[in-house]
Each structure stands twice: as C-alpha cells, then as structure tokens.
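The values are calculated or read from the model by the stated rules, or taken from the named source; none is laboratory data. Computed from a predicted model, the values in this text were never measured in an experiment. FYI the Cβ positions are ideal-geometry reconstructions off the backbone, even for glycines, and counts take in every protein chain you see.
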Amino acid sequence: MVDEVHAIDALSYEQRTFPPSTEFKANAIVSDQSLYLEGERDFEAYWARHARELISWAQPFTKTLEWDLPYAEWFSDGTLNVSYNCLDRQVLAGRGDKVAFYWEGEPGDSRVITYLQLLDEVQRFANVLKNLGIKKGDRVNIYLPMIPEAAVAMLACARIGAAHSVVFGGFSSQSLSDRINDAEAKLLITADGGWRRGEVFPLKSQADEALKSTTTIEHVVVVKRGNNEISMTPGRDVWYHEAMADADAVCDAEPMEAEHLLFLLYTSGTTGKPKGIMHTTAGYLTHVTTTFKYAFDHKPDTDIFWCTADVGWVTGHSYIVYGPLANGATQIMYEGVPNFPANDRIWQIIEKYKATIFYTAPTAIRTYMKWGAQELAKHDLSSLRLIGTVGEPINPEAWIWYNENVGGSRCPIIDTWWQTETGGMMITPLPGVTVTKPGSATFPLPGIGAELVDEQGNRVLSGGGYLTLTTPWPGMLRGIWGDQKRYRETYWSRFPGRYFAGDGAKLDSDGYLWLLGRVDDVMNVSGHRISTTEVESALVSHPSVAEAAVVGANDAMTGQAIIAYVTLRSGLEVDEKVLREHVAKEIGPIAKPKMIFFTPDLPKTRSGKIMRRLLRDVAEGRNIGDTTTLADASVVSELQRRASETPTED
C-alpha cells in the first residue's frame, strides 16, 4: 500500500524567459512595479481607486468592502448601471461613431456596429423586454449563436435590472431546460438557427424541446439568422425584428444597487446538477474593466481587439461584452468555426480587420499547429501587437509556436488564469512589466492574493500544491443561486479561510506560478501525484505531436495508469515507444504513458474543451456518457474502436 501524499509532484520546469521588448515597454500603460506595490499596500484601496476612476456612478460609494467570510459586498452603498457604463458614457464622450463591433458571419456576411448604433439597439430591446413584462429582478435566458444580438440582449437586461442567464448555443435542450428551471426564468431569447461548418444548426427547435419541461417561460423572442423553417407558438413567440420595429427608441438606464444581481452563469458540478454562479453589478464591472485595461495594455484609440470565445462562456461575458465595452474598445466578433471555408479563416479575419490584440484558447492554438504554419503564411499578421491565452494551461511548445508563428516573435503573450467563479483574470503577466516563461501564468495581478497550500492547508513555497485565493476580490462570485450551503461546501470548506479554486499549481524558484489544471485531473501513479497537464506538455514538446490528452485509468499494479491520446502534426509520424521514452526523458520514467492511442482528433466541446471524462470512459471500457455537447461525437466512436483493437503495453 502506498503512503498518502500531500501535494502534487512538480516534475519539470521551463527555463526560457521572454522580457517585454524595449519598444513595447516604452509605450505600455504600465511598465514598472507601481501597481503591484499599490495592491500589496492596501488591496481594498487599490480596487476603490479603480472603481472611482474607471466606472461612472449614479450615486458614488463610501464603503469599499464588507467581508463576512465567505460573503463579500463591494461598494455596497453606491448605485450605477452597467449598460450605461458600456454604452451611454462612450457616446456622451463623443465616441458614438466609433466602431464597437466588426461582426463577421461564417458565410462571409458582415456588419459594422458603432457605439451609437449599439446604444440605439439596446434601448429598443430593453423596451421590448419591458413590453413583454420583464422587470427588475426577473431572470432572462439567452440561447443564441455568436451574433451581435447576443450582446444586445445582455446589455438590455442590464439596462433594466433583469439578470441574464446565457446558455451556450451548443448545449442540448436538456441543458437549456435545466437552467431555465433552476433560475425560474420568465423569458427566453433564441434564434431560428446559426451558421456552423457551412450549414445552419437549428436553435429554435432545441428551445421548443426544452420548453416542454419548463413552466416559467412566458415569452420567447426569436432572432432571424439562419432562415431555416421553424414553428412559432401564437401568444408566446415573437420575432425580434418585429418587436424592435414597434419599440420606443429611448429607455433610460436605471441605476442599480452595487450588489444587484447582474447575471447567472452555470458551470458543471460534481453532483451532475449545474451550479448557477451569481455575479453582481459594481464589483464585477470594476474587476473586468480594470483587468481588461491593464492585462491587454488596451489603447482605445488604436487597438482592434479579438477574443475568440463565445458569449455563452464567462470569457465572452467578461472580455467580449462588459470589460471591452466599458473601456470603449473596438472588437471583432466571429460567428463560425476556424476552418470554414478553409483552415486559414482565423488569419484571414485578423488580416481583414487589422486586429492588434488576439485572445484565444490553447486548444485552438494546438489545432492551428496541427494544420500547419503554412496557413498563417498566407496572411499579413503584422498588425498584431499582443496575444493571449485563456481556458486552460498552455504547454510550453504551443506557447513557443504561438509566439513565433502568430506573434512574429515580437508580441508579448499573456497566459491568463481565472474561472467562471472569479469573474475576471486573477493570474497573468502585465505585458509591459513581466518577464514571461512559456507555460507559466506568472504572478497574481495587483490587488489579488493567491497562495499554494498542501493537503493540510500549510503554505507551499516551492513545488506543487493546491491553488487558493487569500483575500476577497471585486469580481468574485456572490454564491450559488438557490444553494448557499453548496457555495460554502464547494469553495470554502477544503481550506478554512481560503477560497479553493479546484486547480493545482506549482511554484518555481523564481516564484512563477504554473497551473496544472483541475485537481480532479491529477493522477495517482504508484503514490506519485502527477498532473495530466505536465504529461501532455511533454508529449506535445515532441516535434511530431500537435495535441495530446492524458487521463488516469484504474490499474491493479500502480493505482492508476497513464493513458495518452495523441494527434500528430500533418504529414508526420512517430513510434509509440519513441514517445514514451520522450516523456521519460522530459519529466521522468514515472510519467511514461502505459498506452498511447493515435487519433486524428480528440473529443471536444464546441467551445474547444477536451472532454477527459469521455476519455476516461474509453480507457476503462465503460459506457460513454452524455455526448450532446461534443463538436463531433463520431470521434469517441473511433477512439472506442481503436481501444478495442489495441493490445495492452507490457
């Protein structure tokens, strides 16, 4: 029997360093340690200053933080409106003609929307919501493709004080009905369909199916996008364009209490029931506005920002809608997939709109690696000046590829760590200050407290441990909708006095943080706690490998065995034994995969997340669970076939 272990093994560290260039540093908004020092001196005063300087208030606040663990209230006696901060004040400042969104549809259609036009659309739709009986405190579900109306709907809800609950358009009807029922939503906003891979995927029919098992929805607003045939229920369903034509043009932004519920966003739970994460008004807006400005070194007069996330995820909430618009940013929004009509669509869009800041997921970067650098060479990417990653840890080899091929070895990379629950970025470089290391999110942002601890809650100063947050922050979740007991148990019970993020990390000798992914994805191999992230990084560091996913499968000898699924770069091959030895050389023999399956693709959600749960099912020969959120369910069937034909490695 192996001894119990109390931390996560730190198997390897990347030593390469990349300081900001002299030119970038000279023009950066922040180029010294002043913000860090300010945050360390008094994190409450740090956030209060930014709340006053970056946010417009109807009633200024006098209270900064009221903290009764685990409940926080930020700026509680102030009032403001999020929609006003994103739109009205930009127009009042003379930026009405400035482009808010360059929208690109997958078939090639496009729209240019200014701040004045966006404000007009939001005011009209806010009146549509009012006309349909929506009032302050109600909940509204949004189930749309990546079209501008998604942002309009969110901002219109914020304008009148209705909390929105956005459901990713790739989710099933069951997922939608679960979220409607939990929030007791009164209204649903959807579309006939949206474009994906050159075809229209239906949304209204999915919504109709979901509504069969709900009781609270009174009206459904339908945006015409796909022009696919749908059914409309008289008295319940209304067309967006028809309702907008009849709506008044003016809807004043109503001041909201600082702690008024802005939105619910559901994230998966270990019990199978999604958790409705609650985010409120003033603290959240302060957090995303501040972090957008500094992390992206945003210059509102010259930058064109593109975050490739979907508004159905928190990244889309914080760094497509609220953070950028509150900073007066000009953005790109794209409806479709990165390989329609060809593998260079992303680079074609960057060239077309001359994007200067690009923010995407490591999963996407590894896919671009697989397709090859020749796709980028077709386009001029010289407009880019800063690039970033979000969603999961990035392995060093993908970081280097991103730096060289997308950033042209001139663009700082911000590797960002945060969660649905944190609201906004927590750990990331400041691009004009931080010397980066490939694969490290580096340091907590100013005003953020983060520490690693071991199993007993003792602070870890080097090596692997559990990532915890030690002080309240403005964008933090305010609880779980309808289940505050679950909120305490999920986030605050493991390590008393600390928020436990659910992620593992390691600290190197320079104090850099390296995220290791969910602790659920840590494998126990012969008593060693090994992160899937480290083994995946070692595999992808081989020049033939584009992408890898690793899971732990039950093993009678070692407790768990490491099973790897590998996708090779186009036109390249490598022997399984060569890869196993490569991992042993990179991080040690204990981390060698027991088995490696070569596959043309990995099971991913439509947001690009690898579904390791399904890979564990394949590895252990179990029945496959729900696959409705997969981008391509046939990938799992192919993996099962290959697993059944593969002999066990001795």
**Report entry** strands (runs of 3 or more DSSP E) enclosed by the range 151-203 - at least 3 residues per element that are more than 17 Å from G133 (Cα to Cα)
**Finding:** 193-196, 199-202
Report summary line: So, first residue under 17 Å from H287 (Cα atoms) in the range 26-44, second residue buried (at least 19 other Cβ atoms within 10 Å of the Cβ) and modelled with pLDDT under 95, Cβ within less than 8 Å, six or more apart or across chains; the pairs are none
Query raised in the report: Hey, does the range 489-510 have a residue that's in contact (Cβ under 8 Å) with a residue 60 or more places away in the chain, closer than 22 Å to Y284 by Cα, out of contact with any Gly (no Cβ under 9 Å at 6 or more places or on another chain) and assigned to a loop (DSSP other than H, G, I, E, B)?
Result: yes
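Which residues, counting only those in the range 19-33, are in a helix (DSSP H, G or I) and touching a Pro at 6+ places or on another chain (Cβ under 9 Å)? Write out each step before concluding.
Filtering the range 19-33 for residues in a helix (DSSP H, G or I) gives 22-27.
Residues satisfying the conditions are F24, K25.
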Requested in this report: Would you check which residues across the range 511-525 are within 28 Å of E581 (Cβ to Cβ), in contact (Cβ under 8 Å) with a residue 60 or more places away in the chain and either part of a strand (DSSP E or B) or in the same structural domain as A591 (by TED's automatic domain parsing) (or both) and list them?
Outcome: W514, L515, L516, G517, V522, N524, V525
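Within the range 541-580, restricting attention to residues that are more than 27 Å from the chain's Cα centre (by Cα) and of a type in the set (K, R), which residue is nearest to E392 (Cα to Cα)?
Filtering the range 541-580 down to residues more than 27 Å from the chain's Cα centre (by Cα) leaves 542-544, 553-562, 570-580.
If we keep only those that are of a type in the set (K, R) as well, we get 577, 580.
Working: K577: 28, R580: 24 Å.
The extreme case among them is R580.
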Query raised in the report: Can you tell which of T367, T289 is modelled with pLDDT of 95 or more and either under 25 Å from F24 (Cα atoms) or surrounded by 20 or more Cβ atoms within 10 Å (Cβ to Cβ) (or both)?
Result: T289
**Report entry** Condition broken by E106, with the remaining ones in (1) of a type in the set (D, E, K, R); (2) free of Cβ contacts under 8 Å to residues at least 24 places away in the same chain; (3) within 30 Å of G336 (Cα to Cα) satisfied
**Finding:** (2)
Report task. State which residue is surrounded by the most Cβ atoms within 10 Å (Cβ to Cβ) when the search covers only the range 215-261 and only residues that are of a type in the set (V, I, T) and farther than 25 Å from M146 by Cα. Result -> T216
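Quick one: how many residues across the range 579-598 are outside any helix (DSSP H, G or I) and crowded, with 17+ Cβ neighbours inside 10 Å? Give the derivation first.
Kept after step one, since they are outside any helix (DSSP H, G or I), are these residues of the range 579-598: 588, 592-598.
Checking the rest, the ones that are also crowded, with 17+ Cβ neighbours inside 10 Å come to 592-597.
Residues meeting the conditions: 6.
Can you tell me how many residues within the range 44-74 are out of contact with any Pro (no Cβ under 8 Å at 6 or more places or on another chain) and not charged (D, E, K, R)?
Pass one, the range 44-74, residues out of contact with any Pro (no Cβ under 8 Å at 6 or more places or on another chain): 44-45, 48-50, 53-57, 60-64, 66, 68-71, 73.
Subset that is not charged (D, E, K, R): 45, 48, 50, 54-57, 60-62, 64, 69-71.
Adding up the residues that qualify gives 14.
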Query raised in the report: Looking only at the range 342-395, which residues are within 16 Å of A329 (Cβ to Cβ) and of a type in the set (K, R)?
Result: K354, R385
Report task. Kindly provide the set of residues from the range 340-366 that are assigned to a helix (DSSP H, G or I), more than 24 Å from Y13 (Cα to Cα) and touching a strand residue (DSSP E or B) at 6+ places or on another chain (Cβ under 9 Å), ordered by number. Result -> R345, I346, I349, I350, K352, Y353
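In this structure, does W492 turn out to be aromatic (F, W, Y) and in the same structural domain as L461 (by TED's automatic domain parsing)?
On the way: aromatic (F, W, Y): yes; in the same structural domain as L461 (by TED's automatic domain parsing): yes.
In short, yes.
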